[in-house]
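Engineer: Sharing a structure below in structure tokens format, with a few things to ask.
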Amino acid sequence: MYELQTVVEEDVVGLLDAVDVETAHVVGHDWGAQVGWTAAATPPERVSSLTALTAGVLGNSGFASATQRRAPWHLDYFQFEAAEHELRADDWALFRDWCAGGDDVDRYVDRLSEPGALTAALGWYRANAKPVPPADAPPAPPDVTCPVMGVLAEDDAYLLEPQLRNSTETIDLTEGSWRYETVADASHWLTVDEPRATTRLLVDFLTDRHDGDSPGRASPTW
């Protein structure tokens, strides 16, 4: 689960440095949310706030239930090389079924049909969800000191409510704040299914954070 730190250091922090931005409001969905949680913990001074869409912080008790472990069946399936062949078969029938609720599936299929694209996409899972125990116990995550909003899609088939709601038991948010919201009539792809409802939550949260920025800090990115 530790390749996320590499993404934070080389991509997130690297991007902020490249555009000369000191701090940013980070918004991420699914794996992007996991990158966001990691960035908010290390290095915390670069993140003004975090909005985690659908995914809670890794290691909380909400991930431990049998029901939650059954929901993201693809985490284990994607470890096998057969996945590349089976996802493409019959005009990507399995992939289309897995993306239930996603209205942009044809666009995803076009992009993933490019040479090497599907294998690269599956690399996220193979690097961060290895089906083997870690060699060493992971260190306790640092506290997240920035404000955090967790947003769950009520009809999410892969990430269930406890894994997001229970995030505060794993990372101490006492120096920041925690806001939890749900989006009705939305599948895992909440930004596609309910873009207006999701955007309203983001605007409300980020506007509040922007107004509260202390003098001398860089303007947040939107």
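The values are calculated or read from the model by the stated rules, or taken from the named source; none is laboratory data. Keep in mind the model is a prediction, meaning the values are calculated, not measured. Cβ sites come from the backbone with ideal geometry, for glycine too, and all protein chains shown count toward neighbours. Accessible surface is based on the protein model in full, side chains and every heavy atom, while ligands, DNA and RNA are left aside. Shrake-Rupley method; radii C 1.70, N 1.55, O 1.52, S 1.80 Å.
Engineer: Which ones in the range 1-45 are hydroxyl-bearing (Ser, Thr, Tyr) and either within 22 Å of THR207 (Cα to Cα) or in contact with a helix residue (DSSP H, G or I) (Cβ under 6 Å, 6 or more places away or on another chain) (or both)? Talk me through it step by step, then tell me what you get.
Structural biologist: So in the range 1-45, the residues hydroxyl-bearing (Ser, Thr, Tyr) come out as 2, 6, 23, 38, 42.
THR23, THR38, listed by residue number.
Engineer: Before we move on, is ARG209 at pLDDT 90 or above and in a helix (DSSP H, G or I)? Before the answer, list the steps.
Structural biologist: On the way: at pLDDT 90 or above: no; in a helix (DSSP H, G or I): yes.
So ARG209 does not fit the description; no.
Engineer: Still on this structure, I have one more. Within the range 57-112, count every residue that is in contact with a Phe, Trp or Tyr (Cβ under 8 Å, 6 or more places away or on another chain), on the phi < 0 side of the Ramachandran plot, outside any helix (DSSP H, G or I) and of a type in the set (Gly, Ala, Ser).
Structural biologist: The total comes to 2.
Engineer: If the requirement is being surrounded by 15 or more Cβ atoms within 10 Å (Cβ to Cβ) and either small (Gly, Ala, Ser) or touching a residue at least 60 places away in the same chain (Cβ under 8 Å) (or both), which of these qualifies: ALA157, ALA153?
Structural biologist: On the way: ALA157 fails: surrounded by 15 or more Cβ atoms within 10 Å (Cβ to Cβ).
When all the criteria are applied, what remains is ALA153.
Engineer: Right, another one. Among the residues of the range 75-90, write down those that are open to solvent by 70 Å² or more (accessible area, probe 1.4 Å) and in contact (Cβ under 8 Å) with a residue 12 or more places away in the chain. I'd like the intermediate steps shown before the answer.
Structural biologist: Filtering the range 75-90 for residues open to solvent by 70 Å² or more (accessible area, probe 1.4 Å) gives 76, 80-81, 85-86, 88, 90.
Answer for the range 75-90, where residues must be open to solvent by 70 Å² or more (accessible area, probe 1.4 Å) and in contact (Cβ under 8 Å) with a residue 12 or more places away in the chain: ASP76, ARG88.
Engineer: Can you name the residue in the range 12-26 that is closer than 24 Å to ALA129 by Cβ and in contact (Cβ under 8 Å) with a residue 24 or more places away in the chain and is also farthest from the chain's Cα centre (by Cα) among such residues?
Structural biologist: That would be VAL13.
Engineer: Here's a check for you: in the range 27-74, which residue that is without any contact (Cβ under 8 Å) to a residue 40 or more places away in the chain and surrounded by fewer than 20 Cβ atoms within 10 Å (Cβ to Cβ) is nearest to VAL183 (Cα to Cα)?
Structural biologist: For the range 27-74, the residue satisfying everything is GLY32.
Engineer: Quick check on my filter: what residues within the range 115-150 are assigned to a loop (DSSP other than H, G, I, E, B) and either open to solvent by less than 50 Å² (accessible area, probe 1.4 Å) or in contact (Cβ under 8 Å) with a residue 24 or more places away in the chain (or both)?
Structural biologist: The initial filter retains those residues of the range 115-150 that are assigned to a loop (DSSP other than H, G, I, E, B), namely 115-116, 129-147.
ALA129, LYS130, PRO131, PRO134, PRO138, PRO141, PRO142, ASP143, VAL144, THR145, CYS146, PRO147 - these are the residues of the range 115-150 that are assigned to a loop (DSSP other than H, G, I, E, B) and either open to solvent by less than 50 Å² (accessible area, probe 1.4 Å) or in contact (Cβ under 8 Å) with a residue 24 or more places away in the chain (or both).
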